[in-house]
Structures are given as structure tokens and as C-alpha cells.
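The values are calculated or read from the model by the stated rules, or taken from the named source; none is laboratory data. As the structure is a prediction and not an experimental result, all values here were calculated from the model. As a convention, Cβ positions derive from the backbone with ideal geometry for all residues, glycine included, and neighbour counts pool all protein chains shown.
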2 protein chains.
Amino acid sequence: MPKGSKSFASEPELVAWLKQRARLHGRDVSAGIGDDAAVLRLGGAHRLLATTDLSIEGVHFSAQFHPPHSVGYRALARALSDIAAMGGTPRFALVSLALSRNQGRSWVKGFYRGFMALARRFGVSLIGGDTAIVSGATTVDVVGLGAVKAPDVLLRSGAKPGDQIFVSGELGLSATGLAALKHAAGREGGRGEPGERVIRRALRAHLYPEPRCALGRFLAERRLASAAIDLSDGLSSDLHRLCHSSGVGATLLAERIPAPAPPSARKFKITDRLDLALNGGEDYELLFTVPAGKADKIPRHFKNVPLSWIGEIGSKRSLRLINADGKELPLIPKGFDHFRTAR
Amino acid sequence: MPKGSKSFASEPELVAWLKQRARLHGRDVSAGIGDDAAVLRLGGAHRLLATTDLSIEGVHFSAQFHPPHSVGYRALARALSDIAAMGGTPRFALVSLALSRNQGRSWVKGFYRGFMALARRFGVSLIGGDTAIVSGATTVDVVGLGAVKAPDVLLRSGAKPGDQIFVSGELGLSATGLAALKHAAGREGGRGEPGERVIRRALRAHLYPEPRCALGRFLAERRLASAAIDLSDGLSSDLHRLCHSSGVGATLLAERIPAPAPPSARKFKITDRLDLALNGGEDYELLFTVPAGKADKIPRHFKNVPLSWIGEIGSKRSLRLINADGKELPLIPKGFDHFRTAR
């Protein structure tokens, strides 16, 4: 850091500084900086959702562990997951690619093939972008544009005391997959080709996460959720963000958090599956709150994805975790903060 | 480059490969990859314009020559200029910032202040983005969203043989400004503080280029232009792109190209002002074509910006330049190609 220059201590601090200065035009912007995607009024009953997500070599992916096909797939999945968390349908994407000299034509083709495979499945058109060659690490920025009917928009800010907290899927699976990839790379001299000894499900969750767009729409259209956010950085951090936006607190039950224990977990140095579920990040599941009177309308499964009740929103602004012994602990946001953990 | 891996030779080559694979959904996308911005149908009489532009330290700006205020301003100007070239009105922007550890809080504040100064002047709301800290160079990606009435959209592809070619402003001015900045930095030990000896107008054009949104709208709403593109990489390259999209060729008159000769140009090692005008890049002026019958409706000036006739579209696919002696030369695209000139 240059002398006499202070950096922003965290991403939320920078976002807060920006929110004050962005001077949003109230008429056109229903939700701006600080939600999963911006909500734009452009005439008619539909709102446009716009989100942008960086995927940086050495921060969000590794050239050693992640095949280019997965890098492209995941870069788009990050944006689609944001649109899912708003209750929207993804429609268009743009890709800006600052490409390292080290990554040649086959890497670029693999990247776009992975990107396009997911785009096709969700009916998303790649409509533009920008490209450059750089001497440093590859940086990808994906813009996702989606649509949602005006009254259906799911925000982070709608949670009320007494609302019940749910989460989709299994948490910590992506971090388990990454641990398995690192383990395999170490055993095989850095090739990173996963063999049978690594857990297929965790690898799939890590390399090819599934954006929960259908679930987001279901929650939005049936008016079941009062608030939603996607789990990109980890349950502890993302719940903190949802509660901060809503001006509420929350209590989670550790035993209810769907944190699978892979049989061979110890091989990959995974000792605390709850820690991974809370802080591992990159699960791209949906965290959502439901008014108590509607909680019984949440099915156990939605299209084969388990939906788990994990706690309750409270009026006190603190986040608490009740562990297996019934002991109440503070829940500290320890998920991924791009300002803290960049390598 | 890794062994056995071929890279894409140029940005157009990658874009062409992508266009084939993007599988555009015809119903919703009026124009996609390969124009200044994508044109999206989202219901109603208006079209949404979406564009994204990278600004990379060491490629598009230098921490030595460019104050952070200018880096922020220029990053947004790139996107607004694309929207201007489509005849649109910019409305919203998102910023993804992969920030080098070397740039502290004061740099970030300066960057966003410059960005916001331009945004405010054009009524653009900053509605979101993404941030991360990286160990390498700073990379900025700006998403610009704009609106345009459906029949007013200006594309690159509409030029016809016989159309007259016009350009706004003065070309090569931005490259002159950069040369002056480099000269000043060399004289002052790398501080880059411009003194009286550098040319103010060229510095202004380089550090604070003016997106030609009002001109774009004027040409679009009066149906004067058959095609348009903004001059980001240099007249030679951008005219080539417009002609390629339209399936035509062009002949330019060197003497008609508005290429000012700064009095102190020799100081900055500027010996060929025509070369700067053709290949310097970053002028962010509009290049547009006008059917011959409407050419007399183009004013000499539009809001104090000179509009110059510089040549004619032809049916032969080649690009030619007639020099001061009446000699016809091939016009080679030598402007900025991010795949060729990255440092």
C-alpha cells in the first residue's frame, strides 16, 4: 500500500461509501447498490435485473484446479444465481475477458464452451462484451441481465422479526469439492484430474454449481419469501448481509444446517463440516425468509433440491447460533470477503 | 503461451468465433455481439442498449500518467461513447473493480469521484458492481445501460455505397495529450503533473473525453445517419469495422481529416499528425455515414463540435486513402488492437 494511503478495510465498507455517493434516481431504480442485482424500471410491468460478477484467477479460480470449461460455467453461474435470488429469469449476458498471455486458444474455447453450456440450458443469450490480453492474471467480468414482474421482486431487505429462515441444497459442498481438487492435485503432481477417490457430488457442486432460478421464481410468484439472497460467500456472511439490509437479527440452529459429512472427509483435512457450511462459500444456494404463517407452504423438496428450515429472524440486531448442546454462540461473519482474502 | 496452445491472433478473430457460437435468440436481440452495444427488446417502444468496456492498468491507463479521477471518468466515457454511437441515451452503469493492492483508499475515492462527475452530467445512475483486491494490475469493467426508441437505433451495418462519411471533433488529439503527459512525466521525474508547456486542449481530450451522446441522438432522431461507430481504437480500425459490418468499402481524403497540428508538437516527438488521427485512438468521436441526399443537412458544427466530411462509402470492399498529392493508397487498420498491443 502506498505511504499515506489507507485502503478500504472491507468490501461492505466500500459499498457503503459508494451507496452514499451513487445518487440514485428514485424514479427508475427500484433497488440499486447492495442487493444481488439492481432492479430497473424501463416501462411496462416487467423490471430489468442487472448484476455483474468478477471471476479472477488466483481469487475465484485457479488455473491449476479449475478446467477452463468450469471457469466459464462458474463465471456465468455467479450472475445467474444473483438473478435467481431476486426471483427473476435470466435473459442476457455480456462477458468482459482480460486474458492472461498464459492462456491460449484452447483455454479460451474451453472457457466459452462452459459458459455457453450453462447459457443454453437457461435460455440466456450472450450479447456482447470486451476483450484484452494482459500480462497478469486472467480477470473475467460477467454481466447478467434478467427480467421479473414488478410485484414479484425478491429483495434482501424484506425480512421481519418472526420470519422463518430456510436454505436450499446442502452447504459446504463446494468447499469440500475444492478441498478434494487440491488433494487430488497434490497426489498427482498438480494435474488436478479427479479420480474415483474424490467425492463426485462435491466436485460437481464446486465445478458446476446449479443456479436456483426455478426456486427463486417459485418463491417470488407464490409470494412465499419476504427476503432472499444467494449464498456466494458463505452462510455466515450472507445471512449477515440479509439481516443488515432488513434491519433485523437472526438465530440459527446448528443441527438444522444441511451440512453433509463426506465419508472420506478426513483425507481432505475437512474436520469441521459446520465451519465449511457456515463459511466455505460458493454454494450458490438460496437463503430466504418466510413469514411464520406461510412456513408450512414451503415444501421439503423443490424439484429434487432439499429445502431446510434452519432458524428464525429476531428483532435484536445480533446473529446467534445455537449449537448441538443448546449453547448459544455469536455467529461471526467469516465467509469470503474479497478485500480480506485476496491472494 | 503454453506449449501446443495457439492464441487468437486478434480481437476481431475471437469476436467472429464467438458470434458463431452465441446462438442469439432472434426475438429479443435486435443487435448483439459486434456492434457498439447490444440492442435488447424488453417490451414497449424502447430498446435497451447494453455495453461493457474494460479499462486495464498498463493497457488502457497508466498509474503514472493518469490521475485516478481521470481513470474513473474515462472508464465511464468509454461506455457512454458506445451508447452515443447507437443513438441512445445512457441511463445506468455498473462498475466491477479488481483493485491492485498498490492503489489505496485515496485512489479509489478519486476513481469514483471522476466516474460520478461524468455520470451526474449525463444523468446516469451507478446501480451496482463487484469488487475484489488483486495482487496484479487494476482492472475496471464498466457496464453501460441506455435506452433508445426502436426505430432510432444506429447500427454499424447500415452504410451503403454512395453514402458520405463524416466525423465529429478533431482526431489524434487524445494521442497528442498522452504524448504530452509522457513528456511531462519524463521532465518531472515521473510525477506527471502537466505544466503550461503541454497543450491544454489535447490533455483535456485525453484525460476527460466528451461522449457525443447529444450528437448521436440528433443523427438518430432526424434519421440522418445510415450507420455509426465511435472512434475508440482509431479511425483506420473503426472505419474498417463499420465497413466490414456493412459489407462495403470506403475512400477517405487525407486533407479533409480534422487532424490539428499542435504548435509544440515536435517537443512530444509528434511528427505525423495524420498518423495520429488515423491510428492514435481514444478520441471517442463519432464516425457516421449519411445518404448522399441528406448530406447537406449535416451542420458544420453541432453544439460547438465541428462535423467534417472526410470521404465516401464505395461498393468495393477495400479502404483507400487519397493523400495531399492526389495519390491513392490502401488504408491499413493500424489502430489499437487489444490483442496486439497489450503490454
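Do we find a residue being at pLDDT 90 or above, farther than 27 Å from residue B:59 by Cβ and outside the structural domain of residue B:85 (by TED's automatic domain parsing) anywhere in segment B:165-185?
Yes - at least one qualifying residue is present in segment B:165-185.
Among the residues of segment B:132-144, which ones are under 19 Å from residue A:93 (Cα atoms) and in contact with an Asp or Glu (Cβ under 6 Å, 6 or more places away or on another chain)?
B:141, B:142
Per-residue answers, yes or no, for (1) buried (at least 20 other Cβ atoms within 10 Å of the Cβ); (2) at pLDDT below 95; (3) hydroxyl-bearing (Ser, Thr, Tyr); (4) at positive phi:
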| position | (1), (2), (3), (4) |
| --- | --- |
| B:256 | no, no, no, no |
| B:272 | no, yes, no, no |
| B:276 | yes, yes, no, no |
| B:281 | yes, yes, no, yes |
| B:285 | yes, no, no, no |
| B:299 | no, no, no, no |
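Being at the interface with another protein chain (Cβ under 8 Å from one of its Cβ atoms) and surrounded by fewer than 23 Cβ atoms within 10 Å (Cβ to Cβ) is the filter; apply it to segment B:66-106 and report the residue that is nearest to residue A:52 (Cα to Cα).
This residue is B:91.
Which of the residues that make up segment A:48-60 are more than 14 Å from the chain's Cα centre (by Cα), under 16 Å from residue A:230 (Cα atoms) and within 9 Å of chain B (Cβ to nearest Cβ)?
The one that is more than 14 Å from the chain's Cα centre (by Cα), under 16 Å from residue A:230 (Cα atoms) and within 9 Å of chain B (Cβ to nearest Cβ): A:50.
Against the conditions (1) within 12 Å of another protein chain (Cβ to nearest Cβ); (2) at pLDDT 95 or above; (3) within 17 Å of residue A:106 (Cβ to Cβ), where does residue A:63 fall short? Just the number, please.
Condition (2) is where residue A:63 drops out.
So residue B:139 fits all but one of (1) surrounded by fewer than 23 Cβ atoms within 10 Å (Cβ to Cβ); (2) within 23 Å of residue B:231 (Cα to Cα); (3) facing chain A (nearest Cβ under 9 Å); (4) of a type in the set (Ser, Thr, Tyr); what number is the exception?
(1)
Based on what the data block shows, is residue A:147 hydrophobic (A, V, I, L, M, F, W, C), modelled with pLDDT under 90 and surrounded by fewer than 24 Cβ atoms within 10 Å (Cβ to Cβ)?
no
If only one of B:264, B:308 is at pLDDT below 95 and among the hydroxyl-bearing types (Ser, Thr, Tyr), which one is it?
Within the list B:264, B:308, the selection yields B:264.
Consider only pairs whose beta carbons are under 8 Å apart and that are at least six residues apart or on different chains; among these, list those whose first residue lies in segment A:277-306 and is basic (Lys, Arg) and whose second residue is surrounded by 11 or more Cβ atoms within 10 Å (Cβ to Cβ) and in a helix (DSSP H, G or I).
That search, which allows pairs on different chains as well, returns A:303/A:214; A:303/A:215.
From the set of residues in segment A:133-173 that are assigned to a strand (DSSP E or B) and polar (S, T, N, Q), which is farthest from the chain's Cα centre (by Cα)?
A:164
Could you name every one of the helices (runs of 4 or more DSSP H) located completely within segment B:210-316 that has at least 1 residues being hydroxyl-bearing (Ser, Thr, Tyr)?
B:235-246
Just for segment B:116-128: of the residues that are of a type in the set (A, V, I, L, M) and assigned to a helix (DSSP H, G or I), which one is farthest from the other protein chains (Cβ to nearest Cβ)?
B:118
Which condition from (1) part of a loop (DSSP other than H, G, I, E, B); (2) not assigned by TED's automatic domain parsing to the domain that holds residue A:274 is the one that residue A:113 breaks?
Here residue A:113 clears every test but (1).
Considering segment A:104-124 alone, what residues qualify as being under 22 Å from the mean Cα position of the chain (by Cα) and among the aromatic types (Phe, Trp, Tyr)?
A:111, A:112, A:115, A:122 - these are the residues of segment A:104-124 that are under 22 Å from the mean Cα position of the chain (by Cα) and among the aromatic types (Phe, Trp, Tyr).
Given the criteria free of Cβ contacts under 8 Å to residues at least 12 places away in the same chain and either outside any loop (DSSP other than H, G, I, E, B) or more than 15 Å from the chain's Cα centre (by Cα) (or both), does residue A:91 qualify?
no
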